[in-house]
1. Suppose the filter is assigned to a loop (DSSP other than H, G, I, E, B) and without any contact (Cβ under 8 Å) to a residue 60 or more places away in the chain; does LYS153 pass it?
2. So, in region 193-222, of the ones that are open to solvent by less than 70 Å² (accessible area, probe 1.4 Å), of a type in the set (S, T, N, Q) and at pLDDT below 95, which residue ends up nearest to the chain's Cα centre (by Cα)?
3. Looking at region 27-38, which of its residues are at pLDDT 80 or above and surrounded by fewer than 16 Cβ atoms within 10 Å (Cβ to Cβ)?
4. In region 54-111, how many residues are part of a helix (DSSP H, G or I) and either open to solvent by less than 60 Å² (accessible area, probe 1.4 Å) or modelled with pLDDT under 85 (or both)?
5. Is there a residue in region 177-189 that is loosely packed, with under 12 Cβ neighbours inside 10 Å and out of contact with any strand residue (DSSP E or B) (no Cβ under 9 Å at 6 or more places or on another chain)?
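The values are calculated or read from the model by the stated rules, or taken from the named source; none is laboratory data. Keep in mind the model is a prediction, meaning the values are calculated, not measured. Here Cβ is always computed from backbone atoms with ideal geometry, including for glycine, and neighbour counts include all displayed protein chains. With ligands, DNA and RNA removed, areas are computed over all heavy atoms of the protein, side chains included. Shrake-Rupley method; radii C 1.70, N 1.55, O 1.52, S 1.80 Å.
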Amino acid sequence: TLAELRLVITIASMIKAKDKDFEEYSISVDEYAKLLGSKTKNSLYRDLKGLGKKLLSQPLELPQEKGFLLVNWFSKFQYKEGEANIIVRFDPDLKPYLLELKEQFTKYKLENILQMKSTYSIRLYEIAKSWQTRGYFDITVDKFRELVGTENKYPLYANFKQKVLNVAIKEINKLTDINIKLKEIKTGRKITTLHFEIKHSNKNNLGFLKSEKAFITYIREH
């Protein structure tokens, strides 16, 4: 979900380049309430508990040279009612993947995605950023569906384009540091491959800070 994705991304951005091991990372309850969309203390506690249980019950499947590894995002997800922070710790088996990510997070600025309302936008942004230096990438429709989690949704391509592709491209072009253009490639009469062109955007994606109050609030939160 959008809330789960925002949490994982926010916590992953706290990893320091010099870290040799995972620390316990914390995020303020007030900040995460905004990510969750919770409006009351009671609903926040309920939402946090449910979200923690869900994340810990949905393991990642990581391909290995021989076989596979099933592992949770977090080995710890703690919140004490009335306290200011949520405490989490990544599972130790994720070290080879996450402790080497800091260089990528210098390019992957958090403010570029936290305003997004669609998980599809975030996933397309992540994929596009990995190809930004090249300036384009090609991907089959089936593979793209798999990466954004729509294998069993929007079976008609026209609906898939309207609900997923158009929404994601519009949000990315409006809110982030890159612009994306899509070209559809056909095999016969069927669209089978998506060609994405990626360009750096010179616009200031913090244009939503229109007042001194909004600016101060943003600095305190981030």
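1. Working: assigned to a loop (DSSP other than H, G, I, E, B): yes; without any contact (Cβ under 8 Å) to a residue 60 or more places away in the chain: yes.
When the stated conditions are applied, LYS153 passes them.
2. The residue in question is ASN205.
3. Residues of region 27-38 that are at pLDDT 80 or above, as a first pass: 27-28.
Selection gives SER28 alone.
4. Filtering region 54-111 down to residues part of a helix (DSSP H, G or I) leaves 54-56, 92-98, 102-105, 110-111.
Applying the additional criterion that residues be either open to solvent by less than 60 Å² (accessible area, probe 1.4 Å) or modelled with pLDDT under 85 (or both) yields 55, 94-98, 102-105, 110-111.
The total comes to 12.
5. Here is the first cut: in region 177-189, the residues loosely packed, with under 12 Cβ neighbours inside 10 Å are 183, 186-189.
Adding the requirement that they be out of contact with any strand residue (DSSP E or B) (no Cβ under 9 Å at 6 or more places or on another chain) leaves 188-189.
Yes, region 177-189 has at least one match.
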